[in-house]
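Rule-based calculations on the coordinates, nothing more; no lab input. Everything numeric in this text was worked out from a predicted model, so none of it was measured. Cβ coordinates were reconstructed from backbone atoms using ideal geometry, including for glycine residues, and neighbour counts include every protein chain displayed.
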Amino acid sequence: MAAPLLGQLLASGFLTPRPTATPWASPETAPTPTPSWGGAEHPAGISRPGGARRPGAAATAALASAIALRTMGPARYAMRRVTTVVRAAASTCHHPATPAQATAAVLAVRHAGWHSPARTACLEESAATVLLLAARRLSVTWCHGVAPDPVRLHAWVETDDGVPVAEPPSTLDYTPALTIGGRHQQQ
């Protein structure tokens, strides 16, 4: 098998015969990208988020619920638990949240996350925002998306018109792979 393969590689020009072995040039070097899991512009726990001064009880309870959903039970089912509860909460909503209501909810959850000893990243924040707004029967669209090169995952919420709530412009780099609630409830 080696001889026919060698013959094909030589014939196609992928290999060139040499009388002696010579090292090839090293590949081009590129800067190593910094890992980002969607929180590069919002460094949770490092900078205090703007908005309200103290997290409300409802935002704290919503965040605690989202954290419990992610951490209770086998880790391989964490995303399924989160999406199941987000889908159930979104199904109870009858009115879309206004951009101001959605922004206030996101900021309240971020403030609760500032005081949380547990991991509070985009998944927990976005799920807690849906739960917080669902308690008032208000809906947003929960999104979980991916961005390429390097592959990054991110979760966020959008208003009914498809605008990301309290997110940096880089969120538009993400393609939603899963959306729950909001404008997608009627489909």
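Applying 1/(1 + (r/R0)^6) with r as the Cβ-Cβ distance of residue 137 and residue 29 and R0 = 41 angstrom yields a FRET efficiency of 0.15.
Here the simple spin-label model places points 7 Å from the Cα toward Cβ, and for residue 76 and residue 95 these points are separated by 4.4 nm. Computed over the alpha carbons of region 99-187, Rg followed by Dmax gives 12.7, 39 Å.
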